[in-house]
Structures are given as C-alpha cells and as structure tokens.
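The values are calculated or read from the model by the stated rules, or taken from the named source; none is laboratory data. Quantities reported herein were computed from a predicted structural model and do not represent experimental measurements. Cβ coordinates were reconstructed from backbone atoms using ideal geometry, including for glycine residues, and neighbour counts include every protein chain displayed. These accessible areas exclude ligands, DNA and RNA; they are computed on the full protein's heavy atoms, side chains included. Shrake-Rupley method; radii C 1.70, N 1.55, O 1.52, S 1.80 Å.
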Amino acid sequence: MSIRNAILALSGLLLAACAHVPPDMPPPAPGGAAHDWRETVAGIASADMGDGRRHAVEQGLSAIGLDWKAAPFVRDDDRGANLLAPVAGDADAPLLLLGAHFDRVDTGQGATDNASGTAVVLTLAERLRERPLAHHRVAVALWDLEERGLVGAHAYVEQGREQPALYVNFDVFGWGDTIWMMSPTPDAGIATATRASADAAGIGLSVGDQYPPTDHLAFLKAGWPAVSYSLVGAAEIDGILSMYAGKPPATAPRVMEVIHSEHDTVEKVDAESAVRAIDAIEDALRRWDAMGVEGVKDA
Ligand SMILES: [Zn+2]
C-alpha cells in the first residue's frame, strides 16, 4: 500500500505509545495448499530487496510453467521492471488481468505487504492454467515500485498496454476472517459473484469504494475496470480507514502494526485463512466468467 508514509508518520507517532508486537501465526502442516502458499510467501519475503525479490517472483512464475517477460520502465526518476505472463485462454478472448506488487519498503520483509498478494496471484494463475476460464483469457502482472506511488502499474497503463475486461488487484493478504473488496460499483458483476462465493464458503466479505491506495487506482484513473482484494480481520477495516483519513483509532488495527514495520515477516501470515479466501476468490472469478462476455460488461 502506498502514499502512506506521511499519513502513517502522523498516526504512527500517535500510536507508538500503545503499539504491541502482534503474535506469530502457527505455520500450517506440511503438504497441501496452505503450506505451498506460505512457502511462496517465505521465498519472496526472505529474498534481498529489489533484484532478489524480483528474481524470487520470476522463479515462482517459472515453477508454474508460465512464459514470463520483464517489462522495464522509466517514469520520472524511477526505473524498474514489471513481470508479465500469459496464463491461459484464446488469444482473441477478452482479458482478465490479475496483479499484485512484489516490491517492499526498507523496513521488515514485506511478507504481508505484499509477498502475500503476489503469492495469491501465483496460486490463482496455477489453478486457472490447469482449468482455464470459459469466456476470458487470463494473464498476470507483478508490479514493481508500488511503494513509490503505484509507479509500475501507472507505467503499464501509460505504455499503451491492452485494456483488460477487468483488472483484479491483490494487496495485503496475510490473515483474517474477511475478504475486503474495493469495487467502484457495489453491484458490479464481479462484486455480485464475490458475494455468492463468500456466502457459499462461509467467509466474511466487505465490499465498498473506501479502500487504501494501491495498484487498482492506476487502472481506474485510466477509466479501465478494476477491483482490489485484501484479507483482514473484520474488526480492522474501520480502524485502517480511519488511519488513512488521518484519524488514528485508540488501538491500531493489526494490519497497521505489521505492514511497513520490522514485524512484517512470514511468521505473521496465517496461511490457512489465506487459502480459504483464495478458494472463495477463485470461485468468484469462475462465477464472474460464467456470466459471459456481455454479462460482465459492467465490470
Ligand atoms: Zn502493498
């Protein structure tokens, strides 16, 4: 999450007095989707900042058989490289683009922000490659320099890349009982599909247009359809929004005590809850696709 430092500097100061170290989450049993997802997060989080992290993501893309390409960019004083890869589907089918930023801030390991979201994209890509969608082509984009102001995502849009039928972003997906969905229109096809999937999975869901700044904004700014997903505790959402509004709550929500701090390590992610949410979102993407190309025109 970006454009945060100034707001948090203020909030952080106010909350320093009552901050505490969030407890570690128990690692999942070996074998299974939760274990694999956590291993992917750990591989990215433990890599050196910059090239090390990008290389870890490249290895993740290769490991699921994707033909990825680095897409370098220069934007003002920033220089970086996004990672793009086709996943499955007919070349002339409309595009569903899944994305997440892989870069991190200097402090901590950027496990929850945002090795977690990157691992969600890799997990969904593997599943959608094994069982492609009926009406949409799928590709993935892993963004560089989000923490410097959504730079990689803006560069992608400005490079005249293909406009997707829908861009789906993932940022901060470390733990929680609730999928937090940013949807510009609450009754959009993908929002309706997500409600049905969350109900079926018995997982919490909060849909709205109030949401922290992250890479979906680069698409919305260009007038391209986009939504974003995070995973948090239901009780954290209001506190997070208050902090972004510069009105810190009495007790900081766990997310804000972890991201952009030395506590943002793989020990803080809860792989079981993350995979439960990934299953629900995979189901939502398939329900959305089943609406057909016409049915999803409202994003
Ligand atoms: Zn982030």
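What nm value, rounded to one decimal, do you get for the distance between Arg286 and Asp187 when each label is placed 7 Å out toward the C-beta?
It works out to 2.8 nm between the two label points.
Calculate the spin-label point distance for Ala29 paired with Glu158, positioning each point 7 Å from the Cα along the beta-carbon direction, and give it in nanometres.
5.1
Quick check for the chain: number of Lys pairs with alpha-carbon distance under 27 Å, counting only pairs 8 or more apart or on different chains? Display every interim value, and only then the final one.
Working: Lys69/Lys221; Lys221/Lys247; Lys221/Lys297; Lys247/Lys268.
Total qualifying Lys-Lys pairs in the chain comes to 4.
May I ask you to give the percent of accessible area on the range 4-292 that is carbon plus sulfur, with a probe radius of 1.4 Å?
That share works out to 53 percent.
Count the net charge of all other residues whose Cβ sits under 11 Å from the Cβ of Pro26, scoring Lys and Arg as +1 and Asp and Glu as -1.
Net charge around Pro26: -3.
Arranged from highest to lowest average of other beta-carbon atoms within 10 Å per residue, in what order do the peptides 165-177, 121-133, 198-210 appear?
165-177, 121-133, 198-210
Would you mind checking which residues have amide H under 5 Å from Asn82's amide H? H placed 1.01 Å from N; only 5 or more apart, or other chain.
Counting only residues 5 or more places away or on other chains, the set is Ala71, Phe73, Asp144.
If you average 1/r over every pair of different alpha-carbon atoms in the chain and take one over that average, what Kirkwood value in Å do you get?
Numbers: mean 1/r = 0.0528 Å⁻¹.
Averaging 1/r across every pair of different Cα atoms and inverting gives 18.9 Å.
In debye to the nearest 20, how big a dipole does the chain give about its Cα centre with +1 on each Lys and Arg Cβ and -1 on each Asp and Glu Cβ?
With only Lys, Arg, Asp and Glu charged at Cβ, the dipole is about 300 debye.
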